[in-house]
Amino acid sequence: MRAVAKRIPVVVQYDPRGRRLAARGLWTGAELVMTLGVVLLLLVAHQLWWTNRQARAEASHTVQSLQRDWDEPEGAGAEAVDPPPAQASPDPADDSPAVGAQDKEDSGGAPRRSQAYAVIRIPRIGLTAPVAQGISRSGVLDKGYVGHYPGTAQPGGSGNFALAGHRNTHGEPFRYINRLRSGDRITVETRDAVYTYTVDKTLARTVPGDGGVVAAVPRSNIKPYVGYRAAGSYVTLTTCTPEFTSRYRLVVWGKLTDVRGR
């Protein structure tokens, strides 16, 4: 007779401790991912909502202060408005809308560095914002102000009154200047006068180093067929493009068409 081999059962035992450790590791990893996601959402909310809210509130307060000061008799109030500094906000990666210029002091009778001294209004895009001297981010642009390029003309002056402003975050005053069309009005009010410029030309994209766009006779160095050839009184608006990037600059130009006293 043939012998029948007996099967010996094999019992595999699982280590419950190992399973618990694996589960704990997965749970910890999930918590870390969720925490990171919340932190990123908070950072995005801070940049896209809080910096705008904060900067717009300060810019509005500054416009009101300027107008109150201008309405007082000459010499009765302060000559200019120096609003209290806003709390510093984390800067996004290099998104300065300035083109081919450094923030340095003007010589002569120009306003002081970071001093708000004018109000710009662009009806087409519903913009009312203070204009301050300089294009520094912390002192001017991140407060929701429009910055005046040092060394360029003052409002109504012969040459190029060149301005920079954020397109995204920190009040984003120049977010919609891409919507401006030939014939749109830009007014700049100072203590003494209201200057009206009429939009004339647009340069949809140029490099940040294209300093020709803010020259006395503005003309692109990169696209020399875009700009002007004769002396005059111009305004230049510059900002970043495309939105949420700082790779290129968008430029809008206008000519002075009216001046009236306040």
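Quick note: the coordinates plus some simple rules give every number you see, no bench work behind them. Quick caveat: nothing in here was measured; it's all calculated off a predicted structure. Ideal geometry is used to build each Cβ from the backbone, glycine not excepted, and the neighbour counts take in all protein chains shown.
Considering Cα pairs under 8 angstrom that are at least six residues apart, work out the relative contact order of region 219-262 and quote it in whole percent.
Relative contact order here is 30 percent.
For region 174-190, what does the Karplus curve 6.51 cos²θ - 1.76 cosθ + 1.60, with θ = phi - 60°, yield as ³J(HN,Hα) per residue in whole Hz, taken in order and with x for Gly and Pro?
Per residue, the Karplus-derived 3J(HN,Hα) values read 9, 4, 10, 5, 5, 8, 5, 10, 3, x, 5, 9, 10, 10, 10, 9, 10 Hz.
Which FRET efficiency value, to the nearest 0.05, do you get for ARG179 and GLU72 by plugging their Cβ-Cβ distance into 1/(1 + (r/R0)^6) with R0 = 25 Å? Present the calculation step by step, with values, prior to reporting the outcome.
Details: r = 36 Å, r/R0 = 1.44.
The formula returns an efficiency of 0.10 here.
Residue by residue, what Karplus-based ³J(HN,Hα) values in Hz, rounded to whole numbers, does region 151-167 have, using 6.51, -1.76 and 1.60 with θ = phi - 60° and x for Gly and Pro?
x, 9, 4, 8, x, x, x, 6, x, 10, 7, 9, 10, 10, x, 5, 9
With +1 on each Lys and Arg Cβ and -1 on each Asp and Glu Cβ, how big is the dipole of region 55-261 about its Cα centre, in debye rounded to the nearest 20? Intermediate values should be presented prior to the final figure.
Details: 24 positive and 22 negative charges, 200 e Å.
So the magnitude is around 960 debye.
Name the long-range amide H neighbours of CYS240: under 5 Å, sequence gap of 5 or more, or other chain; modelled H, no Pro or chain starts.
When sequence neighbours closer than 5 places are left aside, the close amide H contacts are ARG167, LEU250.
If R0 is 35 Å, what FRET efficiency do you get for TRP50 and THR28 from their C-beta distance, rounded to 0.05?
Computed FRET efficiency for TRP50 and THR28 comes out at 0.70.
So who's got an amide H within less than 5 Å of the one on HIS170, skipping anything under 5 residues away but keeping other chains? H placed 1.01 Å off N, in plane.
Those lying under 5 Å, H to H, from HIS170 are THR51, ASN52.
Mean projection of the alpha-carbon convex hull of region 143-262 over all orientations, in nm²? List each step's numbers first, then the result.
Details: hull surface 28.7 nm².
Approximately 7.2 nm², given one-decimal rounding.
Amide H of ARG113: which non-local residues (sequence gap of 5 or more, or other chain) have their own amide H closer than 5 Å, using H built in the peptide plane?
Counting only residues 5 or more places away or on other chains, the set is empty.
Sort 131-138, 206-213 by the packing proxy (mean of other Cβ within 10 Å over each peptide's residues), most packed first.
So the order, starting with the most tightly packed, is 131-138, 206-213.
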